[in-house]
Amino acid sequence: MSTVTAASANTTAGRQPRRTPFWSAVGTVAAREMTVKATSRPFIITTLILLAAALAATLLVPRLGDLFAGDAVRVAVVDQTAASVQGLGEDYAPQTLGSEDAAREAVRSGEADAAVVPDPGSPSGTSVLAMTDAPTDLVQALSTSPTVELLDPNAPNPLLRYLIAFGFGIVFFLAAVTFGQQIAVSVIEEKQSRIVEILLAAVPARAMMAGKVLGNAAMAILQVGLVAVGLLLGMQINGDVLPLDGLGVPILWFVVLFSIGFVMIAALYAAAASMVSRQEDIGSTSMPVMLMIMLPYFGVIFFNSNPEALRVMSWIPFSAPVAVPLRIFLQQGAWWEHIGSLAVLVVSTALAIWLAAVIYERSILRTGKALKWREALRG
Amino acid sequence: MIAVNGVNKSFGAAHVLQDVTFGIQPGLMTGFVGGNGAGKTTTMRILLGVLTPDSGRIEVDGAPITADYRAGIGYMPEERGLYPKMSVLDQLVHLGRLHDMSGAAAKTRALALLDRLGLGERAGSRLEELSLGNQQRAQIAAALVHDPVALVLDEPFSGLDPHAVDTTLQVLRETADTGVPVLFSSHQLDLVERLCDELVILADGRVRATGSRAELLAAHAEPEWELVTATDTGWVRDARGVEVLSFDGGHVRFRAVSDSAAHEVLADAVGRGTVHRFGPVTRTLHEIFTEVTR
């Protein structure tokens, strides 16, 4: 026995195992998450669809009108009205007929889409004939309009403002919810399959959680970045139709704020998932996180025309990633306000990570009934 | 030597470990035996640092265990688990890297282990595609991939077919022979009896006995003897210092106060006729276990 112990003192102390350094463990975990995601068919397909949608929205939609434009409108005219229609350009093909009755007959038989005939009773001196619908375009083309002078041509167009608020909002919301859910699934998968016990014997729980959050965040940012590049590229190509002016900077802010805000939400989702043991139970703990993302998101969409509401929302970490870029686009608020919102977001993200790490460490080995947030926090 | 020293652990009101103390010798296989809920899994989790004890310490060669040493332990938890959708080789490499190995070294080691465990051809298969027995082998490979400094295996043989039990046994024995302390728990007492050099018997969160099988027997059971002769053995009942436990014609089993008392019975028997068999009865681990945990 004593000889065994003597020999053993050698063997147990002779080899010096080393725990993987924290960040190296984080890197290994993150790399696995990214590989799993990058090789998953749903992720690849979603990315391609989003990219295609971004390009379609900027390249095709503005030209959609051209697709429906069709052939030139055939307009029957008589000698007296021929000149006025000829001056309207290529969209109208005038056919000069002998009489007003002939023109009327041409419209009735469908040979012409409309007819322009003299009418002494009309203020313009002409009448437009058509079968069922008034040819608005033609009427407008023939009318004379007063000159319009825009005093502030660069002021944001309300429709554009709504579209941008909606665009930022939907990208943030969708990415946060889908990636958040996927992080939750991957945390529960490890917990359910019990591999987590082997992993925790090798690396600290914090490294596990950090790797998972960072790996998934990197993939989400990559996906959103690709969509942003697609949008900017489309706008660049279509420069004459869609002005890129004033959107580039807000998009850059969005990407930065999104990246930070996403890490915060991902950490909270990981914590929520560590509290349950089965995939079916995830709703019970992730609902508060989901609400925290949803409320500010709808707030930004509904209150995008209210500068005061936007100002408040830019200071709330959950809505800042959408509210701040929108304010910058609308030229609301001073630069220090935006930097301040960013700082608040960074601090709350750090807090969320710390909180999530505490909860994750306490809950990840507990199986059975789902924990409540309060129980997990109390330890 | 790894020493578990006065470890206590409670979950709420349940005091699941009470002053648990035992040692795991390098180069030896230590069997960890106990009924369901005896506290084996909790003890192993505390050894690995997955759980913290309320009091007590784990020591390695007399010094408190370090995180670095713990990271070098090969662990197989009671509830099996690997990534179902990841290939066997990929997850072994991943686990190796989490244990501070380079990707290349982890791959070489993983492939060699899989070959050794008879899983070489399935290295590229996803875990969920393997049979349950093969998943168990993959699990054993996962515990060994980082060339561990010690092994802690919770029920490593449950779910294995006899063939796989033999392969696994050989691999574990080879690992122990390199001077690595091995602790494994099992319900299968006959298997533990065949394999382990040392035993730790746990019941209701307390260590009831430790030591080699012979030591346990000496400490916890009076020796019993068996005599088989061609003639009737009824006379043994009247021999001095002997208590007959069972008797059936030419076969008697008895307890003797000393070896010499037993030998006198033998001498007597030889005088009375042909002796077919005489000797101490080998008590099974099962009997020792029942006696110790009673």
Top of A:PRO42, A:PRO94, A:PRO21 by mean-square fluctuation, Gaussian network on chain A, Cα under 10 Å:
A:PRO94
Please state the relative contact order of the stretch B:59-166 as a whole percent: Cα pairs under 8 Å, 6+ residues apart?
40 percent
Which whole number gives the average count of other chain Cβ atoms within 10 Å of the Cβ atoms across peptide B:17-30?
2
Taking Rh as the Kirkwood radius, which is the inverse of the mean 1/r over Cα pairs, what is the Rg/Rh value for the stretch B:67-139?
0.96
Per residue of A:18-31, how many C-beta atoms from partner chains lie within 10 Å of its own C-beta, taken as a mean?
4
Out of residues 5 or more away from B:GLY74 or on other chains, whose amide H comes under 5 Å of its own, with H placed 1.01 Å from N in the peptide plane?
B:VAL149, B:ALA150, B:LEU151, B:VAL152
Counting all Cα-Cα pairs in chain A, those more than 25 Å apart amount in percent to 67 percent
R0 of 25 Å, Cβ-Cβ distance A:LEU351-A:LEU295: FRET efficiency to nearest 0.05:
0.85
With Cα springs under 10 Å, the Gaussian network model of chain B assigns the largest mean-square fluctuation among B:GLU78, B:GLU264, B:GLU215 to B:GLU264
Determine, for each peptide in A:274-286, B:275-287, B:100-112, the mean count of other beta carbons within 10 angstrom over its residues, then list the peptides with the highest first.
A:274-286, B:100-112, B:275-287
Rank A:VAL78, A:VAL26, A:VAL203 by mean-square fluctuation in a GNM of chain A with C-alpha springs under 10 angstrom and give only the top-ranked residue.
A:VAL78
Could you pull out every whole DSSP H run in chain A that spans at least 30 Å of Cα extent along its own axis and averages 0.0 or higher on the Kyte-Doolittle scale?
A:158-193, A:205-237, A:248-274, A:335-363
Just add up the charged neighbours of B:LEU183: K/R +1, D/E -1, any other residue whose Cβ is under 10 Å from the Cβ of B:LEU183.
-1
With the cut-off at 24 Å, tell me which of the pairs A:LYS212/B:LYS85; A:LYS191/B:LYS85; B:LYS9/B:LYS85; A:LYS369/B:LYS9; A:LYS212/A:LYS372; A:LYS37/A:LYS369 have Cα atoms farther apart than that.
B:LYS9/B:LYS85; A:LYS37/A:LYS369
Per residue of A:187-199, how many C-beta atoms from partner chains lie within 10 Å of its own C-beta, taken as a mean?
6
Relative contact order (percent) for chain B, with alpha-carbon contacts under 8 angstrom and 6 or more residues of separation?
21 percent
Mean separation of Cα contacts under 8 Å (6+ apart) over length of the stretch A:74-134, as relative contact order %:
34 percent
Using modelled backbone amide H atoms (1.01 Å from N, in-plane), which distant-in-sequence or interchain residues come within less than 5 Å of A:ASP91's amide H?
none
Expressed as a whole number of Å, what is the distance separating the alpha-carbon centroids of the stretch B:233-254 and the stretch A:312-379?
82 Å
Taking the Cβ of A:PHE43 as the center, what net charge do the other residues with Cβ under 14 Å away carry, scoring Lys and Arg +1 and Asp and Glu -1?
+2
per DSSP, antiparallel bridges as share of beta bridges in the protein assembly as shown, % nearest 5, sits at 60 percent
Can you sort A:ARG32, A:ARG378, B:ARG253 from fewest to most other Cβ atoms within 10 Å of each residue's own Cβ?
A:ARG378, B:ARG253, A:ARG32
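All of the numbers you see were taken from the coordinates with simple rules; none came from a lab. None of the values given here were measured: they were computed from a predicted structure. So basically every Cβ, Gly included, is an ideal-geometry build from the backbone, and we count neighbours across all protein chains shown.
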